[in-house]
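Report on the structure given below.
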């Protein structure tokens, strides 16, 4: 708050210009933040997935056993093509693993404990094999967030959305990412499935939309066990996108409590400051 006084001739004569009240300033800030958030959500909503996203079980994010299993799945099934180069092997100790466990179970190459988790697949060759070099997945759990759901929801649904499609070069397609170039690397766990589509009317036109999956051959895991394994893998990728996320949220609670208490003091101080001026 600023008080503007203009001296005119006689000592002590002053003119004050009203300053917007604290409540009105706060309301303006909240309205501006709300508009910014709304515009941001409307912008990302346009780039949604092909099917509604399933809800990722967020309790996995604080389950160390799930995170450790997700790390094991990632190193065995995903690291051959996709790195998470924003994370070092040593950071996996945050999941409750010792250095010996990381070296013996999760470092499957000649990498050192302090190295970044990179794939050994050469980029040029992989671009020729798949049409595009497989992306680094360090921030996928954040970049895939949209108005339809979180990035974790996207990964969780994507890894459960594969089905056989003879028309595709790899023999696989995906309900979340149609015409996907990535083959189904977890097919031995999930088994083989096909899809059934149904006809619906949209804007006066008849279209085929996804209806349901049909299991044609079983995998090593039952459907519920596979969903649980994918949830573990998704939890690990969410952790890799921001390893300190849980700490940030815990600190955030205390910050909000402090701001709430500070707001009360600031509000009363503002009222006391302007009491004699107004």
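The values are calculated or read from the model by the stated rules, or taken from the named source; none is laboratory data. These numbers were taken from a predicted model, which means no experiment stands behind them. As a convention, Cβ positions derive from the backbone with ideal geometry for all residues, glycine included, and neighbour counts pool all protein chains shown.
Observations
- For the criterion of being under 30 Å from residue 243 (Cβ atoms), surrounded by 15 or more Cβ atoms within 10 Å (Cβ to Cβ) and either modelled with pLDDT of 90 or more or in contact with a helix residue (DSSP H, G or I) (Cβ under 8 Å, 6 or more places away or on another chain) (or both), residue 151 passes.
- Pick from the stretch 83-93, criterion in contact with a helix residue (DSSP H, G or I) (Cβ under 8 Å, 6 or more places away or on another chain) and not in a strand (DSSP E or B), ranking: surrounded by the most Cβ atoms within 10 Å (Cβ to Cβ): 92
- Among the residues listed as 27, 75, the single one being modelled with pLDDT under 95 and either under 30 Å from residue 177 (Cα atoms) or more than 25 Å from the chain's Cα centre (by Cα) (or both): 27
- When the criteria are applied in full, residue 110 fails the requirement of being over 25 Å from residue 248 (Cα atoms) and not in a loop (DSSP other than H, G, I, E, B).
- If you go through the stretch 94-106 and keep only what is surrounded by 12 or more Cβ atoms within 10 Å (Cβ to Cβ) and either touching a residue at least 24 places away in the same chain (Cβ under 8 Å) or over 18 Å from residue 240 (Cβ atoms) (or both), you end up with 94, 95, 97, 99, 103, 105, 106.
- Of the residues making up the stretch 96-107, those that are more than 24 Å from the chain's Cα centre (by Cα) and part of a helix (DSSP H, G or I) number 7.
- For the stretch 178-189, taking the residues that are buried (at least 16 other Cβ atoms within 10 Å of the Cβ) and at pLDDT below 95, the one that is nearest to residue 225 (Cα to Cα) is identified as 182.
- Residue match in the stretch 194-201 (condition: touching a helix residue (DSSP H, G or I) at 6+ places or on another chain (Cβ under 7 Å) and surrounded by 11 or more Cβ atoms within 10 Å (Cβ to Cβ)): no
- Condition met for residue 80 (surrounded by fewer than 17 Cβ atoms within 10 Å (Cβ to Cβ), assigned by TED's automatic domain parsing to the domain that holds residue 234, under 23 Å from the mean Cα position of the chain (by Cα) and under 23 Å from residue 231 (Cβ atoms)): yes
- Identification of strands (runs of 3 or more DSSP E) wholly contained in the stretch 169-278 with 1 or more residues that are within 26 Å of the chain's Cα centre (by Cα) and on the phi > 0 side of the Ramachandran plot yields no element.
- Residue within the stretch 217-239 that is touching a residue at least 24 places away in the same chain (Cβ under 8 Å) and exposed (fewer than 12 other Cβ atoms within 10 Å of the Cβ) present: yes
- Matching residues in the stretch 113-128 - criterion: being surrounded by 14 or more Cβ atoms within 10 Å (Cβ to Cβ) and either without any contact (Cβ under 8 Å) to a residue 12 or more places away in the chain or in a strand (DSSP E or B) (or both): 116, 117
- For the stretch 60-82, a residue qualifies if it is under 29 Å from residue 128 (Cα atoms) and part of a loop (DSSP other than H, G, I, E, B), and the qualifying residues are 79, 80, 81, 82.
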